[in-house]
Amino acid sequence: MAGPQGNSMLGSLGRLTELRQRIFFVIGALVVFRLGSFIPVPGVNPDAMSSFLNQQGGLLGMFNMFSGGALGRFSVFALGVMPYISASIVVQMMGAVLPSLQQLKKEGEAGQRKLTMYTRIGTVGLAAFQAFGIAVALQKQVGAGNIPVVYIPGSGFILSAVIGLTAGAMFLMWLGEQMTERGVGNGISLLIFAGIVAGLPAAVMHTLTMANNGELSILRVFMVIAVVLGVTAFVVFMEKAQRRITVNYARRGGGRQGYQNQTSHLPLKINMSGVIPPIFASSLIMFPATAAAWIGTSNKSHWLTSLTTALSPGEPLHDVLYAAMILIFAFFYTAIVFNSQETADNLKRSGALIPGIRPGRSTANYIDGVMTRLTTVGAIYLVLVCLVPTFLQNAWHVPFYFGGTSLLIVVVVVMDFTAQIQAHLVSHQYENLLKKANLRRN
């Protein structure tokens, strides 16, 4: 039988109407996303398309996983949210280079609306370009048994594919923005998370079937589970890790006390760039491999076939280039999203001082040096997380569904979603305390 405290807690949770509505909205939006991933674009043989993707892999395989299998079914959501993510990253990068966009970033909400408009326009252009390229390329492809992927190639199929895929990408962009505004967490990240997790049950069943048939030993299954749990724990630890720089604030005290020093901290994350470096590195390194595979298949070119093999995951050239690109993008993107000089100026304006460091340029140089060391550690961490699953697949020959990038995305999204729910709960408890305090005063 629940006591008064338990009934109070249940009653408090029952009053969380807003949070409950936000969670239900997120669930409903994810259901719409999954239903839309089964609405096909006319003119494509689904069986031939599926077998073609299984043969190719590469960039198409990664996109198919991020879209929850929508590309394999060639549905209206086949492009997923990748055009929107690419457009957002391009706008952010251009904002660090073009003075006009830098000025918009300083104009507050009005400037942000213009940047959002530019991102949406870029999403339309990228989605239409990608849809056109995929439609044209698919007309020449065949699946298992030399069955054509497209029933009736021609301008009619290209037009319908471009319109359908572009409209689907724009709808997902709108759906993600609505989830961010009316739900909990980042909507675009939740859509990617749903796409990745959608294929997990089938992968688990496939692994269990292999173990049951003797194709995979029980020991290796437990070793895979242990590695997955270990990598997940490592990702959680590194994503929460911070370097806290001590900061002193000089405050005017009352009476004869004069100025009083108050100590605080400037938290700096180890992985400031998030999951952007692995996503960019994967896209750039897999694009030439996929293009070479398509062209090589059509023209029967041996050197293109060799290039495709060399750039396949698990090959030394692929792993070296992948690691190098992650390192480069980690430093590049961190430099875009974090400005040490701006941080130093903000500290100076608020009367803050790092002990032993002069305000202004010296503080900026100190923070920049700390961020350089943190980014080095964060970049190495990203390389390890992204390459461990590849080494696992090659060494043990196990069907490991999660790649490093997808595992990183899943963990980070779950952490962000949990943190925002906790923030809503803390906010609700704080409001209850204020109400009780006001009632006591009255």
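Quick look at the values:
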| quantity | calculated |
| --- | --- |
| For GLU342, net neighbour charge (Lys/Arg +1, Asp/Glu -1) across residues whose Cβ lies under 15 Å away | +3 |
| Proxy reagent accessibility, fewest Cβ within 10 Å first, across MET170, MET205, MET82 | MET205, MET170, MET82 |
| Ascending count of other beta-carbon atoms within 10 Å, so fewest first, for TYR366, TYR151 | TYR151, TYR366 |
| Charge context of MET371, other residues only, Cβ under 12 angstrom, K/R +1, D/E -1 | +2 |
| Along each principal axis, Cα extent of region 128-179, largest first, Å | 43, 23, 15 |
| Anchor LYS240: aspartates and glutamates whose Cα lies under 20 Å away (excluding residues fewer than 8 positions away in-chain) | ASP416 |
| Translational diffusion of region 73-155, µm² s⁻¹ [Kirkwood Rh, Cα pairs; Stokes-Einstein; 4 °C; 1.567 mPa s] | 86 |
| Share of alpha-carbon pairs per 10 Å distance bin for region 19-198, given as whole % | 10, 34, 31, 18, 6, 1 |
| Ranked list, fewest to most other Cβ atoms within 10 Å of each Cβ, for ILE276, ILE27, ILE336 | ILE27, ILE336, ILE276 |
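Every number here is computed from the coordinates shown, using simple stated rules; none is lab data. Everything numeric here is computed off the predicted structure, so don't read it as measured data. Using ideal geometry, Cβ is built from the backbone for each residue, glycine included, and neighbour counts are taken over all protein chains shown.
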